[in-house]
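To keep things clear, I will list the structure first and then write my remarks on it.
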Amino acid sequence: MAHAPNNTPSNSRADFYDRIGQHSMTPLWEVMRGLVTPEPTSPCVAALWRYEDIRPYIMEAGGLITAKEAERRVLVLENPGMRGQSRITRSLYAGMQLILPGEVAPSHRHTQTALRFVIEGSGAYTAVNGEKTLMQPGDFVITPQWGWHDHGNDSADPMVWLDGLDIPIVQLLDAGFAEHFEADEQPLTRPEGDSLARYGSGLLPVDQARGAVSSPVFNYPYTRTREALETMRQSQEWDPCHGLKMKYVNPVTGDYAMPTMATFMQLLPKGFQGADYRSTDGMVYVCVEGAGETVINGETFAWGPRDTFVVPSWARHSHKVLRGDTVLFSFSDRVVQQKLGLWREARN
Ligand code: GTQ
């Protein structure tokens, strides 16, 4: 009888949970509904960073710290639903990097894969694995995992680009390594444009092996991408959700250009009103040209050139063009999800 008052089912369970807790165990039935959900329940929320709003802070950072001291002078775009975690979606990192004229961001390498998408400025460079590439707005540039890379700016103006990295994926897998090069800048061993000529001209070296997991083309220039979209629009039927949407590919494998991040460029014609769409890959968008709005789970986000916005996993959304032909760059973890057989989409 002494135990009777404590012997209700909930008290005896709480006591049990305490006792198994001391052995680092917990009952699945108390957490299962949060673990195995009927559909994705992302902490990621829809968000928009208007370039006009954030540019002053990016430039202010230029007066606070040098690229050399910072190693990378970047303002991280943190998803408002996951502050303090340095991520824009659950699986991806994004940030705005500034390089001022005359600066060098010193050479290093890491197991994370990076993409650069040029937002502002012209003629700053990234050197990757012994080759330098000068960058222009709209260019999509790859830094493959474990490749030496440094950035510099010999132009007269600041350059800003969006960094996209798979940092949270590498973190999840606890597979991160990094090291510094012995000098600020790595030696250049190939002429500028070599990779694009060798791998990005519809040609490949005759004995080309399958090679690395990232594309050997490390700058996909916007001029070429834009021209391709413009030519295709003449015969292409517009997709009701995506307009004319292309993915960047590794010419050696035909797969996405990087092993962990899928990248896309899409043209939405003047007056386009997209239909509802959702997919399990949370998507980061940058507007390159035109202007429009995206309705995400009923909330409207209006964007223009250089603005960045994020659509969470499985969020229903539609794009509408408000001004001119519109071009959107985007990236997500779709390549990973497809490899794992997890990716889903719905057109409703
Ligand atoms: O340029 O190497 O935004 O290592 C974060 C980590 C950029 C870079 C970032 C990095 C870099």
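Derivation of every value follows stated rules applied to the coordinates shown; laboratory data play no part. This one's a predicted model, so the numbers in the text were calculated from it and none came from an experiment. Here Cβ is always computed from backbone atoms with ideal geometry, including for glycine, and neighbour counts include all displayed protein chains.
Would you check which residues across region 174-190 are surrounded by fewer than 12 Cβ atoms within 10 Å (Cβ to Cβ) and of a type in the set (D, E, K, R) and list them?
Asp174, Glu179, Glu182
Scan Arg226, Arg198 and give me the residue that is touching a residue at least 24 places away in the same chain (Cβ under 8 Å), of a type in the set (Lys, Arg) and not in a strand (DSSP E or B).
After applying the criteria, what remains is Arg226.
Considering region 249-279 alone, what residues qualify as being among the aromatic types (Phe, Trp, Tyr), touching a residue at least 60 places away in the same chain (Cβ under 8 Å) and within 22 Å of Ser318 (Cα to Cα)?
Phe264, Tyr277
Among the residues of region 249-279 satisfying the criterion of being among the β-branched types (Val, Ile, Thr) and farther than 22 Å from Thr326 by Cβ, which is nearest to the chain's Cα centre (by Cα)?
So, considering only residues that are among the β-branched types (Val, Ile, Thr) and farther than 22 Å from Thr326 by Cβ, the one nearest to the chain's Cα centre (by Cα) is Thr260.
Using beta carbons and a limit of 6 Å, which pairs, at least six apart or on different chains, have the first residue in region 86-103 and in contact (Cβ under 8 Å) with a residue 40 or more places away in the chain and closer than 22 Å to Ala315 by Cα and the second one away from the ligand (no atom under 15 Å from the Cβ) and not in a loop (DSSP other than H, G, I, E, B)?
Ile88/Val310
Can you confirm whether region 300-316 contains a residue that is surrounded by fewer than 17 Cβ atoms within 10 Å (Cβ to Cβ) and within 17 Å of the chain's Cα centre (by Cα)?
no
If I go through region 69-101 residue by residue, how many of them are within 13 Å of the ligand (Cβ to nearest atom), more than 19 Å from the chain's Cα centre (by Cα) and surrounded by fewer than 21 Cβ atoms within 10 Å (Cβ to Cβ)?
So the answer is 2.
Kindly indicate whether Gln112 is within 27 Å of Pro187 (Cβ to Cβ), within 12 Å of the ligand (Cβ to nearest atom), assigned to a loop (DSSP other than H, G, I, E, B) and under 17 Å from the mean Cα position of the chain (by Cα).
yes
Mind checking whether some residue in region 274-287 is crowded, with 22+ Cβ neighbours inside 10 Å, assigned to a loop (DSSP other than H, G, I, E, B) and among the small types (Gly, Ala, Ser)?
Within region 274-287, one or more residues are crowded, with 22+ Cβ neighbours inside 10 Å, assigned to a loop (DSSP other than H, G, I, E, B) and among the small types (Gly, Ala, Ser).
Where residues in region 174-216 are among the acidic types (Asp, Glu), in contact with a strand residue (DSSP E or B) (Cβ under 8 Å, 6 or more places away or on another chain) and more than 16 Å from the ligand (Cβ to nearest atom), which of them is nearest to Gly152 (Cα to Cα)?
Here the residue is Glu192.
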